[in-house]
Amino acid sequence: MTYQVTARKWRPQKFDEIVFQDHISKTIRNSIKAGRISHAYLFSGPRGVGKTTMARVLAKALNCLSADGPTEDPCGTCENCVEIKEGYSFDVMEIDGASNRGIDNIRELRENVNLAPIKTRFKVYIIDEVHMLTKEAFNALLKTLEEPPEHVVFIFATTEIHRIPETILSRCQKYLFKKIPVETIVAHLSKIVEAESYKIDKEALYPIARAAEGSMRDSQSLLDQAISFSDGTIKEEDALSILGVTTLFSYIDILNCIAEYDRVKLIDEIDRVITLGIDVQRYVSGFIDVIRSIRLISGGITLKDIIGFSDEEISRLKAAGGKYTDEELSLIFKIASELEGGLRFSTNERINLEMAFLDMLNIKKSPSVASILKKLSGISGNMDNNIAAGAPQDQKTGQKPDGSSVEDNIKSLFHGEVIE
Ligand SMILES: Nc1ncnc2c1ncn2[C@@H]1O[C@H](COP(=O)(O)OP(=O)(O)OP(=O)(O)O)[C@@H](O)[C@H]1O
Ligand SMILES: [Mg+2]
Ligand SMILES: [Zn+2]
């Protein structure tokens, strides 16, 4: 048997197999049940979250032969279902908007639209990346959308809904696909891993799911890579060296270096990340996510849809976060966010990374605003006491009876126990 990549092999064939887009499946199923078929659907959302998959299931639902009319439960085995699944149905056409973006392509489409379907009830045109069409092509398309033949259904898919003219949008039923949370991706990958008997620890699925940034397809490609690179059982640490995705270990190491003011280890860790060829932008956005999660977790928020970490990782995050005040974490977050922005224009990512992380290290050395305020209130308390005891400071020199000035005291804040 030939090897099939996971994303293709595991493409959902029914509405209820498409995870995390239930809000869409449910509405579409209900409208099929009620016999309300639209002539134009628009699926928008990030890449790899099920738009094309949903379009194909809808095409099957409209044309499945197991019922007399459109059904919310396509059988998957009739001639129409099989042809649509395999992609050779005459009546269900997938058109790539990026490579057929001109007026001529749409003119040709408009001529074909009028011909009745050969084997199916509905001719379905799935136009992917529809935002790539030219203005003229959109205008031509609009004419068809204004008076679509009874037997035609358009399904447009796009990652950039804002690039689609309002005139087109207003003629479509619009559905917004969501990014898939880490926990949901991990659960789905676990099912695949079990069914395929892959040797990979569940903990290793977390860095994979996080690196996929909400895309199920990306998570499945990363899983394929991990499986093909390794012959033994893949553990969490392996995810880093095999895939160039960062495990939590690296971030926790960095946080520990900052907490312990260990410059050498910090620079070492950065060197390791760069040498492994890890995507720096991704690394930093992962770090930002870690800081955010620590702050939320310390605030008592551990909702799975909000925090993309396993229970075990959450306890590791708690331990690392325990070395910081919320104020320090907030400063670290700010530096990391600036770093993330700066990296876009950077020609030397290593330097940006080193400088930003060294700045974070200094946070631990600087007195916090809270500790300064506390000290200052102590000083003013002392001054009040002195005044009350009839020993006012000299108005001109600011000297107190013991010879020290307020300025001396503030200086001591920065050179005394706070800094050392
Ligand atoms: N919601 C989902 N549930 C289960 N599997 C999914 C889901 N979304 C994506 N996948 C997996 O990813 C593969 C690709 O998904 P699909 O082609 O539907 O993504 P897409 O949203 O159309 O992406 P693009 O914008 O890049 O075209 C599917 O074959 C399937 O294996
Ligand atoms: Mg697609
Ligand atoms: Zn069928």
How large is the accessible surface of residue 375 in square angstrom, using a 1.4 angstrom probe and rounding to the nearest 10? 80
Specify whether the C-alpha gyration tensor of the range 1-139 places it in the rounded, prolate or oblate class, a ≥ b ≥ c being the square roots of the eigenvalues: rounded for a/c under 1.5, otherwise prolate if a/b is larger than b/c and oblate if not. rounded
Treat every Asp and Glu Cβ in the range 2-122 as -1 and every Lys and Arg Cβ as +1, leave all other atoms uncharged, and give the resulting dipole magnitude about the Cα centre to the nearest 20 debye. 320
Which whole-number percent gives the relative contact order of the range 6-176, counting Cα pairs below 8 Å spaced six or more residues apart? 29
Based on the alpha-carbon gyration tensor of the chain and its eigenvalue square roots a ≥ b ≥ c, which shape applies: rounded if a/c is under 1.5, prolate if not and a/b is larger than b/c, or oblate? prolate
Portion, in percent, of the accessible area of the range 6-176 that falls on carbon or sulfur, probe 1.4 Å: 49
Per DSSP helix of 4 or more residues, -39500 (n - 2.57); summed, then divided by the residues of the chain. What does that give at 222 nm, rounded to the nearest 500? -17000 deg cm²/dmol
Nothing charged except the Cβ atoms of Lys and Arg (+1) and of Asp and Glu (-1): what's the magnitude of the dipole of the chain about its Cα centre? Round to the nearest 20 debye. 1060
The lysines whose Cα lies under 17 Å from the Cα of residue 123, excluding any fewer than 8 residues away in the same chain, are 60, 85
Accessible area per residue, Å², the chain with all protein chains present, probe 1.4 Å: 51
For the range 262-365, what does the alpha-carbon gyration tensor say about shape, rounded, prolate or oblate, given a ≥ b ≥ c as the root eigenvalues, a/c under 1.5 as rounded, and a/b over b/c as prolate? prolate
Counting only DSSP loop positions in the range 108-150, the trypsin sites (Lys or Arg not before Pro) whose Cβ has at most 15 other Cβ atoms within 10 Å are 119
DSSP beta bridge pairing in the chain, given as percent antiparallel to the nearest 5: 5
Quick calc, the range 262-365, dipole around Cα centre from Cβ unit charges on Lys, Arg (+) and Asp, Glu (-), nearest 20 debye, gives 160
Of the listed pairs 179/304; 33/179; 143/178; 304/365; 318/365, those with alpha carbons more than 25 Å apart are 33/179; 143/178; 304/365
Between helix 326-343 and the chain, what is the angle of the helix's C-alpha long axis to the longest principal axis, kept within 0 to 90° and rounded to the nearest 10? 50
Ordering 355, 93, 216 from largest to smallest accessible area (1.4 angstrom probe), what's the sequence? 355, 93, 216
Computed FRET efficiency, Cβ-Cβ of residue 314 and residue 166, R0 45 Å: what is it to the nearest 0.05? 0.50
Using a 1.4 Å probe on the protein heavy atoms, what percent of the accessible area of the range 182-243 belongs to carbon and sulfur? 47
The range 262-365, relative contact order [Cα under 8 Å, separation at least 6], %: 37
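The values are calculated or read from the model by the stated rules, or taken from the named source; none is laboratory data. Because the structure is predicted, anything quoted here is derived from the model rather than measured. Neighbour counts run over all protein chains shown; Cβ positions are idealised from the backbone, glycine included. Accessible surface areas use protein heavy atoms only, side chains included; no ligands, DNA or RNA. Shrake-Rupley method; radii C 1.70, N 1.55, O 1.52, S 1.80 Å.
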